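Student: Quick one: the structure is below, questions incoming.
The values are calculated or read from the model by the stated rules, or taken from the named source; none is laboratory data. What you are looking at is a predicted structure, and each value in this text was computed from that prediction instead of being measured. Cβ atoms come from the backbone with ideal geometry, glycine included; neighbour counts cover every protein chain shown.
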Amino acid sequence: MSDLEKALENDAEFEHKWIVIDRDEMRPNGGGHEVENFNGAISSAKAKGIQVAYSNPSFEIWYLLHFEYRNSPIDREVVIKELKKYVDYAKNSRTIYQEILPLQKVAIANAKRLKATYEVNGRILNPTIDNPSTTVYELVEVLNGLKR
């Protein structure tokens with residue numbers, strides 16, 4: 001059993017537990033996730049007391065919100081295309097965090113504003129269909145609160 005598996009067995013060792021996932025719809029040429037997998041991951045995590053930071057349609061919507069507010073449905077490829085207008089983005093970039101960090105407060109405000117558009121009239125959030133949406137900002141706020 002790995003150290004991580006041992007630690008997860010006794011989650012009392014962790015003050016915070018999070019999973020970060022994105023919707024990433026199935027694509028004709030392969031890749032992506034079935035709706036059931038996305039919903040199942042969220043449900044399973046919550047049942048285990050794990051907080052979920054999700055993005056729909058892809059994690060990159062969180063990056064794009066650093067530069068612009070977007071509240072109309074968007075495809076993952078379009079998100080990346082739009083993002084590249086602002087930054088030289090490549091998947092798994094090791095520098096993206098530092099590049100966009102100065103705009104983090106803008107992204108948090110944009111993500112909260114976006115979330116509020118779905119919560120009108122007592123509507124419950126639906127991560128599967130709320131496109132675009134992200135709750136990554138909730139994890140970022142927790143991490144920012146842990147900085148010393």
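Student: What's the total number of residues in region 42-58 that are over 21 Å from Leu143 (Cα atoms) and surrounded by fewer than 17 Cβ atoms within 10 Å (Cβ to Cβ)?
Tutor: The total comes to 3.
Student: Take Glu77 and decide whether it is of a type in the set (D, E, K, R), touching a residue at least 24 places away in the same chain (Cβ under 8 Å) and exposed (fewer than 15 other Cβ atoms within 10 Å of the Cβ). Quick ask: steps written out before the conclusion?
Tutor: Values: of a type in the set (D, E, K, R): yes; touching a residue at least 24 places away in the same chain (Cβ under 8 Å): no; exposed (fewer than 15 other Cβ atoms within 10 Å of the Cβ): yes.
No: the conditions fail for Glu77.
Student: Same structure, new question: Residues Ala90, Ala45, Ala107, Ala111: which one is in a helix (DSSP H, G or I) and either more than 20 Å from Ile21 (Cα to Cα) or at pLDDT below 95 (or both)? Spell out the reasoning first.
Tutor: Working: Ala90 fails: in a helix (DSSP H, G or I); Ala107 fails: either more than 20 Å from Ile21 (Cα to Cα) or at pLDDT below 95 (or both); Ala111 fails: either more than 20 Å from Ile21 (Cα to Cα) or at pLDDT below 95 (or both).
Going through Ala90, Ala45, Ala107, Ala111 in turn, the sole match is Ala45.
Student: Given the residues Ser72, Ser55, which is the only one that is at pLDDT 85 or above, within 24 Å of Ala116 (Cβ to Cβ), in contact with a Phe, Trp or Tyr (Cβ under 9 Å, 6 or more places away or on another chain) and among the hydroxyl-bearing types (Ser, Thr, Tyr)?
Tutor: One residue alone meets the criteria, Ser55.
Student: On the basis of being outside any loop (DSSP other than H, G, I, E, B), closer than 21 Å to Leu139 by Cα and not acidic (Asp, Glu), does Ile61 make the cut?
Tutor: It is true that Ile61 is outside any loop (DSSP other than H, G, I, E, B), closer than 21 Å to Leu139 by Cα and not acidic (Asp, Glu).
Student: Within region 84-107, work out how many residues are surrounded by 14 or more Cβ atoms within 10 Å (Cβ to Cβ) and within 26 Å of Glu119 (Cα to Cα).
Tutor: Result for region 84-107: 4.
Student: Out of everything in region 119-144 that is buried (at least 16 other Cβ atoms within 10 Å of the Cβ) and either of a type in the set (D, E, K, R) or over 13 Å from the mean Cα position of the chain (by Cα) (or both), what residue ends up being farthest from Lys17 (Cα to Cα)?
Tutor: So, considering only residues that are buried (at least 16 other Cβ atoms within 10 Å of the Cβ) and either of a type in the set (D, E, K, R) or over 13 Å from the mean Cα position of the chain (by Cα) (or both), the one farthest from Lys17 (Cα to Cα) is Asp130.
Student: Somewhere in region 19-30, is a residue modelled with pLDDT of 90 or more, assigned to a loop (DSSP other than H, G, I, E, B) and either surrounded by fewer than 17 Cβ atoms within 10 Å (Cβ to Cβ) or polar (S, T, N, Q) (or both)?
Tutor: No, the conditions are met nowhere in region 19-30.
Student: Can you tell me which residues in region 76-100 are under 17 Å from Thr134 (Cα atoms) and more than 15 Å from the chain's Cα centre (by Cα)?
Tutor: Matches in region 76-100: Glu77, Val78, Glu82, Leu83, Ile100.
Student: When only residues in region 114-148 that are under 17 Å from Ser72 (Cβ atoms) and in a helix (DSSP H, G or I) count, which is modelled with the lowest pLDDT?
Tutor: The selected residue is Val120.
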